[in-house]
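Here is the structure we will look at.
The values are calculated or read from the model by the stated rules, or taken from the named source; none is laboratory data. This is a predicted model, so every value here is computed, not measured. Counting neighbours? That spans all protein chains shown, and the Cβs are built from the backbone with ideal geometry, glycine included.
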C-alpha cells in the first residue's frame, strides 16, 4: 500500500486530488497540508511514501521544500503539481528528484498512469532482484510502461495487484477464499473476488464449492 499525502494551499483542489488518489487501488491518503510548514508537521506524525506537492505555496516554493525534505527523509518520493508549464521549474523539479511533474488541472487518467508507474518502480525495487536490463530500464522509465500493460486488462484489474493475488494463491496449497485474500491484501472481499474470478476465467486457477456444517457453501480458489 502506497501512503500518500497532499501539499496544496487550495483546499478545494486538495480535496479533488485526494478523491483521485483514493480511487486508485493500492493508494491511501494519510493527510493534507495547506502550506510548506504544515508538511513538516505531517511527516513528523505519519509515515509517508509519496507527496503530491504544489509548487506555488504561501510560505515556500515546492521545489525548495522538496530539497529540504529530502535531506531528512531521503526515501520520500514526490510528484510536483503546478499551473505553470515552466522550463525552469521543470528543471528544478527534476534536479530535486521529483518522480514526475503534472500541470493543473490534473486529469484522473493521467494521475492514475503516473501512480501506476510509481507503484511499478516501487515493486521492482522491493523485490530484491533485477533479472535483466529490461527490469533496470523500467526503473529509469524506459521500455514498456505500466499503462501499456494495464490496457491489456479489463477495467478494475491492476497488474501489480493481480500479480500479488497470484503469488498469494500459489502459497496456499489448501485453497483460499475471497475473504482471506482480501485480508492479506488489505482490500475488500469484493475486490479480492474480482481478481480471483478473473484468474479463474483466464485458466490460471480453479474454483470449487466447499460445504461447511452450517450456512451457504463457500467458494474456494486453488492454483492450477
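Numerical summary
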{"item": "Residue in region 185-203 that is farthest from residue 25 (Cα to Cα), counting only those that are surrounded by fewer than 17 Cβ atoms within 10 Å (Cβ to Cβ) and either touching a helix residue (DSSP H, G or I) at 6+ places or on another chain (Cβ under 7 Å) or assigned by TED's automatic domain parsing to the domain that holds residue 28 (or both)", "result": "189"}
{"item": "Residue count, region 74-92 (criterion: closer than 18 Å to residue 5 by Cα and surrounded by 14 or more Cβ atoms within 10 Å (Cβ to Cβ))", "result": "7"}
{"item": "Number of positions in region 160-184 that are under 12 Å from residue 25 (Cβ atoms) and in contact (Cβ under 8 Å) with a residue 24 or more places away in the chain", "result": "4"}
{"item": "Top-ranked residue of region 81-95 - restricted to ones that are in a helix (DSSP H, G or I) and in contact with a strand residue (DSSP E or B) (Cβ under 7 Å, 6 or more places away or on another chain), ranked as nearest to residue 27 (Cα to Cα)", "result": "93"}
{"item": "Count of region 51-64 residues which are surrounded by 22 or more Cβ atoms within 10 Å (Cβ to Cβ) and either assigned to a strand (DSSP E or B) or not assigned by TED's automatic domain parsing to the domain that holds residue 9 (or both)", "result": "4"}
{"item": "Odd one out for residue 105, checked against (1) touching a helix residue (DSSP H, G or I) at 6+ places or on another chain (Cβ under 9 Å); (2) more than 23 Å from residue 43 (Cα to Cα); (3) surrounded by fewer than 17 Cβ atoms within 10 Å (Cβ to Cβ); (4) at pLDDT below 80", "result": "(4)"}
{"item": "Residue 115 surrounded by 19 or more Cβ atoms within 10 Å (Cβ to Cβ), modelled with pLDDT under 90, touching a helix residue (DSSP H, G or I) at 6+ places or on another chain (Cβ under 8 Å) and outside the structural domain of residue 24 (by TED's automatic domain parsing)", "result": "no"}
{"item": "Restricting region 11-37 to residues that are over 29 Å from residue 191 (Cβ atoms) and either touching a residue at least 24 places away in the same chain (Cβ under 8 Å) or crowded, with 20+ Cβ neighbours inside 10 Å (or both), the residue that is nearest to the chain's Cα centre (by Cα)", "result": "33"}
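The rows are residues; the columns are (1) assigned to a strand (DSSP E or B); (2) more than 23 Å from the chain's Cα centre (by Cα).
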| position | (1), (2) |
| --- | --- |
| 66 | no, no |
| 71 | no, yes |
| 75 | no, no |
| 79 | yes, no |
| 97 | no, no |
| 106 | no, no |
